[in-house]
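Student: First the structure, then my questions, so here it is.
The values are calculated or read from the model by the stated rules, or taken from the named source; none is laboratory data. Please read all numbers here as calculations on a predicted model, not as lab measurements. Glycine gets a Cβ as well: all are built from the backbone with ideal geometry, and neighbour counts include every protein chain shown.
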Amino acid sequence: MKKMTMLILGLFCLNTAPVFANSYEDSFKKAIATQATADDFLKNYEATLNELEKKIEGWSAKPDESAEVWFPICIGYENMATILKNNVKYKKQFDESSFAAAMNYDETVENYQNEIELAADLCQKAKKAMP
């Protein structure tokens, strides 16, 4: 009975480890998915952008190339590109929103793709270093 309990506990731990390792990434899945309305898209875009800006501000205050710092920034860049690509049907609403004051939809997508490319080495190292 004791061996069976240990076996079940061991299998449970193996199955739950990836959940904890990817919990930061997983926390954005609903926000970056295809949205039901333009308002939902713009609201989730803003929330995702705010999260990325907080991570970048933290890094700017104390530059650090550790995985703990760069992993969320990398995920943030990827999330921004993904939310835009998943919601291209709201391109017009994006371009009419305050988000387009600096860059329109197409320029914003290109900007995040460039950020992903520029940070590729750091992001790859950060992702490998995360548990």
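Student: Can you pull out the residues in the stretch 36-65 that are of a type in the set (S, T, N, Q) and within 20 Å of Ala100 (Cβ to Cβ)?
Tutor: Within the stretch 36-65, the subset of a type in the set (S, T, N, Q) is 37, 44, 48, 50, 60.
Within the stretch 36-65, Thr37, Asn44, Thr48, Asn50 meet the criteria.
Student: Still on this structure: Looking only at the stretch 97-109, filter to residues that are exposed (fewer than 13 other Cβ atoms within 10 Å of the Cβ) and part of a helix (DSSP H, G or I); which one of those is modelled with the lowest pLDDT?
Tutor: Residues of the stretch 97-109 that are exposed (fewer than 13 other Cβ atoms within 10 Å of the Cβ), as a first pass: 98, 101-102, 107.
With part of a helix (DSSP H, G or I) added as a condition, the list becomes 98, 101, 107.
Details: Ser98: 94, Ala101: 91, Glu107: 97.
Of everything passing the filter in the stretch 97-109, Ala101 is modelled with the lowest pLDDT.
Student: Residue check: is Ala119 surrounded by fewer than 19 Cβ atoms within 10 Å (Cβ to Cβ), over 22 Å from Leu42 (Cα atoms), out of contact with any Ser or Thr (no Cβ under 7 Å at 6 or more places or on another chain) and not acidic (Asp, Glu)? Give the derivation first.
Tutor: Working: surrounded by fewer than 19 Cβ atoms within 10 Å (Cβ to Cβ): yes; over 22 Å from Leu42 (Cα atoms): yes; out of contact with any Ser or Thr (no Cβ under 7 Å at 6 or more places or on another chain): yes; not acidic (Asp, Glu): yes.
It is true that Ala119 is surrounded by fewer than 19 Cβ atoms within 10 Å (Cβ to Cβ), over 22 Å from Leu42 (Cα atoms), out of contact with any Ser or Thr (no Cβ under 7 Å at 6 or more places or on another chain) and not acidic (Asp, Glu).
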